[in-house]
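Report on one structure; see the data block that follows.
The numbers here are math on the coordinates, done by the rules we state, and not lab data. These numbers come from a predicted model, not from an experiment. With ideal geometry, Cβ positions are generated from the backbone for all residues, glycine too; neighbour counts draw on all protein chains shown.
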Amino acid sequence: MSRFAVILAVLLMTSACNRDPSVQFQALSDEFVNTTLSFSPITATGVGLHQYNNQNLDDLLDDVSPAGLDRQRQFYQGFQKRLAVLPAGSLTAQDRADLTIIQDQIALSLLDLDEVHSHLHNPTLYVEALGNALFNPSVLEYAPKPSRMKNIIARLQKAPAYLDQARKNLASAPDIWTTVALEENEGNLALVDQTIRAEVPQDLRPEFDAAAGPALDAMRQFQDYLKNDLAHRNNADWRLGRDRYTRKFRYSLESGTEPDATLAEAEQEMARVRVRMLELALPLHRTMYPGHKDHADLAGTERENKVIGEVLDRIAERHSTRESYMEDARRDLDEARAFVQEKHLLTLPTRSNLQVIPTPEFMRGIYSVGGFSPAPALEPQLGAFYWVTPLPADWPKARVESKLREYNFYKLKLLTIHEAIPGHYVQGEIANDVQPKSRRLLRSVYGNGPYVEGWAEYATQVMLNQGFLNQSPEMALTFAKEDLRVLGNAIIDIRLQMLNMTDQEALDFMEKQTFQEKEEATGKLQRAKLSSCQLPMYFLGWRGWRRVWEEYRTARGEGRLSDFHDRALAQGAVPLPALGQLLR
């Protein structure tokens, strides 16, 4: 073959590849993830993207100016049009799953930018973003400590302008958002003035002090602004209303289910779970309260409440102390890991990067109990963090007791299973091995919430089904209460956001119908006002994972549980309807 013929053949092959829809889509997906991360350098640091377009993202804060927000809007609008002409039917199943994620993320972003206007009304967005901007470089060892400290210094230098722009943006805010922002901003002040300051190398102290001084002044001024200015402009509504909530529900949950149908299903399921709880409670009740005669003189809901409530009250008496709470969570983590290994429920990740730490103060408004922060998708060898929120030293005894009773001996174990092993930590670690990296990054940054939260609930159920804690009836009843709470989460979110449920109705529902302690119910109500469409993730995700497992098992005539777990987790956080298709 002549040299010319060889060159022509290569050109023809390259042209054919460029027309391949999957190749086209991969390029679009990479562009989408990298560009949107460049809009949020704070998020980029957290997922391990440090350089983009000749910029050191670790030195930057997010551009929250009107011009910056408009650039985002124009990008999303333009990208939406570019995706519309893509031959989706010619894509692979993996590409179609990614396309769904991108399309829904664009719709979600435009809904917020054009209609919800979070940047105009939610001060916690700015406070939490600034906290993460400073916290992540302090705990994620992506570079030597002096280099990371210089990143923090660079961001501190930009903090005054960032908070000044936040003040300019904020037009009004609901009382609860301002109150939480005040509390979390105090956490930012402590983070800079105490935690980070104590870690600054000696030779960088003058540079740090020069940046920290104005930044701390700006944070204190922002605190005064929240308390004395924004707090008086409190006419914004935290409720989305039916139309906006329905659309956000559709784009963020990607479950194929609408809010009304979800609400109806959850309320019907509640009745069935309460019947099951009564069956579990009665044998325990006869032992614990032999003189109460099973409350046979009562009937229906009244009897359920009495019998179940009394047993749960007795179970709640076994709990940690304020001082032992964190250490007990670490002990439970070791127990859960050993059980997963013994039962071969799945292939545990090989990295040993999980740390149990107190929840950062600037995140305790939304994570009042605990949470999980995965290792960066692009740097999976770095730390992953199981957050446990300490009980504040200034809480009165009754409030401490309420929290400890809710997160008692059994519930703390369930929390640790959910957040760490085999829950969020295991799921996040396995997702951090997805290839190619661009797909891993997309499914990490914009991963499906019901997949993530649903796995943690489903995995907990598997643990109990396999005999965790020796089939303890107390644990079985506590987990049934968890099922009830998952249902309650969906119900209050939908009813609060689009059906005008009142605060008192929500509290009464949680305390009287789902057996939650007062402290837990109060915290959950706050969480429902701070977020929307997050609380239903547990119900839709748990049911979704069970459905995918049943379909998988049926298609194979049985199927090994561990094989299903390994294959399903290896996909990363795709929408659950897509997961079933990918496993066929």
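Some values worked out for this structure:
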item: Alpha carbon convex hull of the stretch 266-315, volume per residue in cubic angstrom; result: 68 Å³
item: Positive-end extreme of charge dipole, the chain - chosen from F25, S255, Q77 (charges on Cβ); result: F25
item: Percent of alpha-carbon pairs separated by more than 13 Å within the stretch 83-148; result: 75 percent
item: Two-decimal Rg to Rh for the stretch 382-500 - Kirkwood Rh, Cα set; result: 1.03
item: Cα pair distances exceeding 17 angstrom across the stretch 162-275, given as percent; result: 70 percent
item: Entries in K413/K518; K150/K403; K306/K524; K248/K306; K293/K512 that, when Cα-Cα distance is taken, lie over 30 Å; result: K150/K403; K248/K306
item: Size of charge dipole - the chain - debye, nearest 20, with Cβ of Lys, Arg +1 and Asp, Glu -1, no other charges; result: 1100 debye
item: S324, S252, S368 arranged by Cβ crowding within 10 Å, fewest neighbours leading; result: S324, S368, S252
item: Which of W455, W395, W549 has the fewest Cβ neighbours within 10 Å, and the rest in rising order; result: W395, W549, W455
item: Three semi-axes of the equivalent ellipsoid, the stretch 25-247, Cα gyration tensor, whole Å, largest first; result: 33, 25, 13
item: DSSP beta bridge pairing in the chain, given as percent antiparallel to the nearest 5; result: 55 percent
item: Phi to ³J(HN,Hα) by Karplus 6.51 cos²θ - 1.76 cosθ + 1.60 over the stretch 485-492, Hz, x for Gly, Pro; result: 5, 4, 4, x, 4, 5, 5, 5
item: Within the chain, helix-based [θ] at 222 nm, where runs of 4 or more DSSP H residues each add -39,500 (n - 2.57), nearest 500; result: -21500 deg cm²/dmol
item: For the chain, convex hull of alpha carbons as volume per residue, Å³; result: 182 Å³
item: Least to most buried among I421, I430 (fewest other Cβ within 10 Å first); result: I430, I421
